[in-house]
Every structure is written in C-alpha cells, then in structure tokens.
1. Of (1) at pLDDT 95 or above; (2) assigned to a loop (DSSP other than H, G, I, E, B); (3) over 29 Å from GLY79 (Cβ atoms), GLY216 satisfies all except one. Which?
2. List the number of the failed condition for ALA158; all other conditions in (1) more than 15 Å from the chain's Cα centre (by Cα); (2) within 20 Å of LEU111 (Cβ to Cβ) hold.
3. Any idea how many residues of segment 226-245 are buried (at least 17 other Cβ atoms within 10 Å of the Cβ), within 20 Å of the chain's Cα centre (by Cα) and outside any helix (DSSP H, G or I)?
4. From the list VAL171, VAL228, VAL197, exactly one residue is in contact with a helix residue (DSSP H, G or I) (Cβ under 6 Å, 6 or more places away or on another chain), in contact (Cβ under 8 Å) with a residue 40 or more places away in the chain and more than 21 Å from GLY53 (Cα to Cα). Which is it?
5. Between LEU194, LEU219, LEU189, which is within 17 Å of the chain's Cα centre (by Cα), within 23 Å of MET161 (Cα to Cα) and not hydroxyl-bearing (Ser, Thr, Tyr)?
6. Just a yes or no: is a residue in segment 14-25 at pLDDT 95 or above, closer than 23 Å to LEU160 by Cα and in contact with a strand residue (DSSP E or B) (Cβ under 6 Å, 6 or more places away or on another chain)?
7. Can you tell me which residue among ARG167, ARG176, ARG217, ARG156 is of a type in the set (D, E, K, R) and within 19 Å of GLU47 (Cβ to Cβ)?
8. Return the only residue of GLY233, GLY216, GLY244 being among the small types (Gly, Ala, Ser), touching a residue at least 40 places away in the same chain (Cβ under 8 Å), more than 24 Å from ALA158 (Cα to Cα) and out of contact with any helix residue (DSSP H, G or I) (no Cβ under 7 Å at 6 or more places or on another chain).
Amino acid sequence: MTIRLLEGERIDELHRNGYQIIQNENGFCFGMDAVLLSGYAVVKKGEKVLDMGTGTGIIPILLEAKTEGQHFTGLEIQGQSVDMARRSVVLNHLEEKVDIVEGDIKNASSLFGKAVFDVITTNPPYMNESHGLKNPELPKAIARHELLCSLEDIVREAALMLKPGGRFYMVHRPRRLIEIIGMLSKYQLEVKRLKPVYPMADKEANMVLLEAVRGGRPLLKLEKPIIVYKEPGVYSDEIYDIYGY
C-alpha cells in the first residue's frame, strides 16, 4: 500500500507486529515515555481504550499490537498530528480497531460520553507555566507545555469517561507527583500502582508511571523501578523487552 508522505515526514518501524508510524522530523516525535506507558498499561480482552493527547497515534497503535483490547481511540487537538495518525492507522490496516478523533481534551466527555471507557491512557504535557522555557515551535510547545489543557482538565475528563472501576494510566515527571496524586484524589481516581523510571541506577528518577482506578480503595503498590541504561549507551534487558527488540 502506498501512503502519501508530506514534506519532512518519514516512516519509522515500531518493532511490533510489523507496525510502522508516520512522523515529521520537524514536529514532535514520540519518545521513550510513550513506549514505556504502552508497556505499563494493562488492557484486558474486550476492553475499550482511549488515549488522551495521542499525538501521531503511537500509544493506540502499540496497545493494539500488545493487548487483546476490543477497540482503541486516540484524541488529538492538532490537525497535522491527527492527519499523520490517521494515515498510520491505514498504513497498518487497523481501520477496524483504531480511531483517531480530532478534538479538545477539555471537552472530551462531551465528545465521547460518560462512563464509556475501560481504560484511559495519557502522556500529557509535563510542564506548567512555572516549568521550563516554551519551545518556539508551536506543535512541540503544545506537546511539552500545558498551553491547551491543564493537568486538571485531563484528570477531570478522564474521571468522567471511565467506567466505575476503570483504569487510568499516566506517565509524568516525579517533581509533580504530589500535585498529580492530589488531583487524582479530587476526582475519585485512587492511585493503585507507581513505578519510577531511572535513566541509570545511580541517577535520580526522571519519569514515573502510575495506575489509578475510578472509585478504588486506598491501597498503593510502589513497584520495582525501571532502569533504562545498564551502562552508558546500552539499554537494560527490560527496555529491550518493552521495545520488542
């Protein structure tokens, strides 16, 4: 199948089921955080999944490859990313399993309805107004900074769209963990699992993966961390497994 590529676009291998993804080298390309989230999220047979802020569709495509979920939806506000994601869906012949919807996270529950998803994932912008310099290129800035939606917007809408007992998965920065847990609790999403990610064993954690359950009881499991590199330039065995090498 011939898929059109626009200026600056390329096709990258995903090392899962022969799947590929279209990305623009001048835009925001997916990183390890998205891949780690796709390996952390638990999707059971027959479940319906939403990825909020899906970008070029990396998480729905990987989750379709890794799980037995029934259907996967990606929600994205940037039209250029939506177009690339939809073409990646066609490229991988996933039209019956994966939908890409253009829309605003702040209005997500109006788009999809309430209590309709078993699982919601998100790799949101990490930086709020007090963190970091904004990237002058708007697509990258939107992906990295809370310009179009806030942490509360994401959590509020996820809580509305999850079924009772539904699971919410997020990757974020440890420095905002107290804020994140407080916000989840505000909307009756109880954190059940936390997994820190360290670039190397002797470095500080730079990411955290979490699972929260709508209406869950307080009981937190702090899981064994992921160590990305066992030595400079050499991934750990766990990273190779997550990537599917």
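1. Of (1) at pLDDT 95 or above; (2) assigned to a loop (DSSP other than H, G, I, E, B); (3) over 29 Å from GLY79 (Cβ atoms), only one is false for GLY216: (1).
2. The single condition ALA158 does not satisfy is (1).
3. 3
4. Only one candidate passes the filter, namely VAL228.
5. It is LEU194.
6. The answer is no, given that none of the residues of segment 14-25 is at pLDDT 95 or above, closer than 23 Å to LEU160 by Cα and in contact with a strand residue (DSSP E or B) (Cβ under 6 Å, 6 or more places away or on another chain).
7. ARG167
8. Answer to the selection: GLY244.
The values are calculated or read from the model by the stated rules, or taken from the named source; none is laboratory data. It should be emphasised that the depicted structure is a prediction, and the values quoted were computed from it without experimental measurement. When we count neighbours, we look across all protein chains shown, and the Cβ atoms used for this are built from the backbone with ideal geometry, even at glycine.
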